[in-house]
Amino acid sequence: MTTPETATPPSSATADATAPAAGPGRLGSLGPVGLVLAGGISVQFGAALAVTLMPRAGALGVVALRLLVAAVVLLLVCRPRLRGHSRTDWGTVVAFGITMAAMNGLFYQAVARIPLGPAVTLEVLGPLALSVLASRRAVNVVWAALALAGVFLLGGGGFSGLDPTGAAFALGAGAMWAAYIVFSARTGRRFPQADGLALAMAVGAVLFLPLGIAESGTKLLDPVTLGLGAAVALLSSVLPYTLELLALRRLPASTFAILMSLEPAIAATAGFLILDQALSTAEAAAIALVVAASMGAVRTQVGGGRKKRAAPRSTGLEG
């Protein structure tokens with residue numbers, strides 16, 4: 001998740017319009033692939049930190065803090081212009097914000113119930129399904145079957161090994177991730193630079209804050225909780241978004257999408273190192289199958305797009 005999560009950047013088709021004009025600096029010295037991997041590591045370790053924060057603030061409280069802090073930072077950095085936008089523009093950014101809030105809320109409800117690696121594996125099925133449907137090539141039946149095999153393994157043949165509610169939340173987050181990809185691209189076309197993201201993040205924060213307050217109340221004002229919530233926001237939203245924007249200035253969309261397919265593996269590693277969530281052999285195999293299916297679907301769609309030439313460069317996975 002990005003980021004889901006979490007906030008994945010706009011597709012490379014709109015990257016030039018949304019990327020900041022700042023030079024690469026020290027971050028750019030990592031190279032584009034290094035930037036994407038660093039962003040993915042930041043997102044998943046931020047998610048692992050969020051899990052440790054949930055006993056203090058609750059899942060909804062953590063989401064509220066993450067969206068609020070990220071919105072404040074992005075609004076201060078981007079300073080988006082509020083005038084001169086049509087009703088359609090505002091409708092798009094509001095839909096983007098609602099989708100973002102729903103995606104984060106569902107994902108955090110999932111990781112409160114099931115391990116981080118399996119949660120991200122189920123979540124990535126949303127972008128995978130979008131990529132397969134967008135390509136409409138026969139070979140995608142193979143990738144879909146591979147992904148379903150992974151899900152079957154992950155659920156122990158019927159989700160007896162995972163909390164069913166947690167698994168359902170993760171699948172819901174995946175559906176919202178697919179919707180997020182669509183609205184992210186539309187917002188990127190209608191707003192300059194990262195203005196649309198900043199406004200959408202603010203919409204999501206305003207919508208989710210009452211839920212966080214209702215669940216956690218004054219716990220959200222605890223200095224330690226606020227500090228950890230700010231760290232989650234920076235790790236899971238602000239830092240990875242910045243890194244991925246820098247990367248997309250020099251990285252093809254196809255390569256970016258393939259790297260994003262590694263998110264379940266990164267999440268499993270973060271869960272093991274920070275949360276001591278060890279994977280069984282079947283779970284590790286399931287994650288490997290879904291990662292392979294995601295990569296295969298991306299490569300298939302990119303190959304088909306090159307042959308047709310008229311097809312857009314967006315792969316459906318890069319947000």
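The values are calculated or read from the model by the stated rules, or taken from the named source; none is laboratory data. Here the structure is a predicted model, which means the values were calculated and not measured. All Cβ positions, glycine included, derive from the backbone under ideal geometry; neighbour counts span all protein chains shown. Heavy atoms of the whole protein, side chains included, go into the accessibility calculation; ligands, DNA and RNA do not. Shrake-Rupley method; radii C 1.70, N 1.55, O 1.52, S 1.80 Å.
When the helices (runs of 4 or more DSSP H) confined to the stretch 62-145 are screened for residues that are open to solvent by 40 Å² or more (accessible area, probe 1.4 Å), those reaching at least 2 such residues are found at 87-111, 125-135. The condition (being at pLDDT 90 or above and open to solvent by 10 Å² or more (accessible area, probe 1.4 Å)) is satisfied by just one residue among Gly161, Gly172, Gly204, Gly156: Gly172. Residues that are more than 16 Å from Gln277 (Cβ to Cβ) and open to solvent by 10 Å² or more (accessible area, probe 1.4 Å) within the stretch 43-58 comprise Arg56, Gly58, listed in sequence order. Glu244 satisfies every condition listed in (1) of a type in the set (Asp, Glu); (2) surrounded by fewer than 20 Cβ atoms within 10 Å (Cβ to Cβ); (3) at pLDDT below 85 except (2).
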